[in-house]
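Below is one structure, written out as structure tokens; comments come after it.
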Amino acid sequence: MTMDDATEDMEATRRLAAQVLKDIRASRPLVLSLTNTVSQSFTANALLAAGASPIMLADEWEAEELLRNGCGGMLVNVGTVSAAQACTMTTAARTAQECNVPWVLDPVAAGLLSFRTTLCRELLKFHPAIIRGNPSEILALAGEPSSSRGTESSVSANVAIDAAMRLARQTQATVLVTGEVDYVTYGADVHALHTGHPLMARVTGTGCALGALCAACLPCSANTLEAALAAACIMGEAGRRAASRATAPGSFAIALLDELAADLR
């Protein structure tokens, strides 16, 4: 891809993201977030800022009831998973598949710890629409050797591109690999998004919020690839703008929420 092609592709992605954001605010999709306890509040606030309607719960039967009675999208994030939560996530993923509710898998620290790695591989059987992870997590789910430092990846996103493409083909999901550059693939072409800012890595929950935003974009997009591209662009552009007026993590976190509430420009 030439520089002109890359610029044109990014401009098209921004137009797509702007329209998806408008549709989210018009329809206010209900997003079930089975996410980690560290980032629940930030994730809920990010969804609210973008215009979606978040709901957080932990009970297995409540999750199933909600999914059967109407839900726009769902996030399954294994960041602080327990045995009981694993049961809830498995039931929710199975129910989402049965009810055609599109859902997102965020395999936090997959490859680092065996319990969550096994769980994430089991959850793949229920066909997530989008898999969002850092390079180490995507390598682990694709069956490749990987290494990480807790929730942080020790490799750059471009290293995981081939693994992401294989994982997308194996699961028929769109794979979003996040890092200094975000990469999105459905198994054939790869789209690179040069957005965001390094401060995003210094605020806990930004990746979790991106996974939830992917879930909000799914019912407002034509397909899973467009949903992942739109979510990554919305979050990345909000991060870039927030960093232009906030120079430290605390003020940046607030500015990021403010920018998620603004129109994409």
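Miscellaneous remarks
- Within region 111-235: Cβ-based charge dipole about Cα centre, in debye rounded to nearest 20 (Lys, Arg +1; Asp, Glu -1): 280 debye
- For the chain: accessible area per residue (Å², 1.4 Å): 42 Å²
- Cβ charges +1 (Lys, Arg) and -1 (Asp, Glu), total dipole of the chain, debye: 300 debye
- Taking θ as phi - 60° and the Karplus parameters 6.51, -1.76 and 1.60, the scalar couplings of region 194-204 work out to 9, 10, x, 7, x, 4, 5, 6, 9, 10, 5 Hz in sequence order, x denoting glycine and proline.
- Across region 77-85, computed HN-Hα scalar couplings (Karplus, 6.51 cos²θ - 1.76 cosθ + 1.60, θ = phi - 60°) run 10, 9, x, 10, 5, 10, 4, 5, 5 Hz from first to last residue, x flagging Gly and Pro.
- Charges were assigned to the Cβ only: +1 to each Lys and Arg, -1 to each Asp and Glu. The resulting dipole of region 203-265 about its Cα centre is roughly 160 debye.
- Using a probe radius of 1.4 angstrom, the carbon and sulfur fraction of the accessible surface of the chain is 53%.
- Overall form of region 73-197 per C-alpha gyration tensor (a/c, 1.5; a/b vs b/c): oblate
- Projecting the Cα atoms of Cys208, Ala163, Ser251 onto the charge dipole of region 142-265 (Cβ charges, centred on the Cα centre) puts Ser251 farthest toward the positive pole.
- Backbone geometry of region 97-107 corresponds, through the Karplus equation with coefficients 6.51, -1.76 and 1.60 at θ = phi - 60°, to 3J(HN,Hα) couplings of 4, 5, 9, 6, 8, x, 9, 10, 9, 10, x Hz, x marking Gly and Pro.
- Separation of region 2-81 and region 230-265, taken as the distance between their Cα centroids, equals 16 angstrom.
- The chain: most fluctuating residue of Pro249, Pro107, Pro128 per GNM, C-alpha cutoff 10 Å: Pro249
- Amide H contacts of Asp182 (H built 1.01 Å from N, in plane; Pro and chain starts excluded): Leu193, Thr195 sit under 5 Å, all sequence-distant by 5 or more or on other chains.
- Global form of region 171-265, assessed from the alpha-carbon gyration tensor, a/c cut-off 1.5: prolate
The values are calculated or read from the model by the stated rules, or taken from the named source; none is laboratory data. Please read all numbers here as calculations on a predicted model, not as lab measurements. Cβ: placed from backbone, ideal geometry, glycine included. Neighbour counts: every protein chain shown. Heads up: the accessible areas ignore ligands, DNA and RNA and are worked out on the full protein's heavy atoms, side chains in. Shrake-Rupley method; radii C 1.70, N 1.55, O 1.52, S 1.80 Å.
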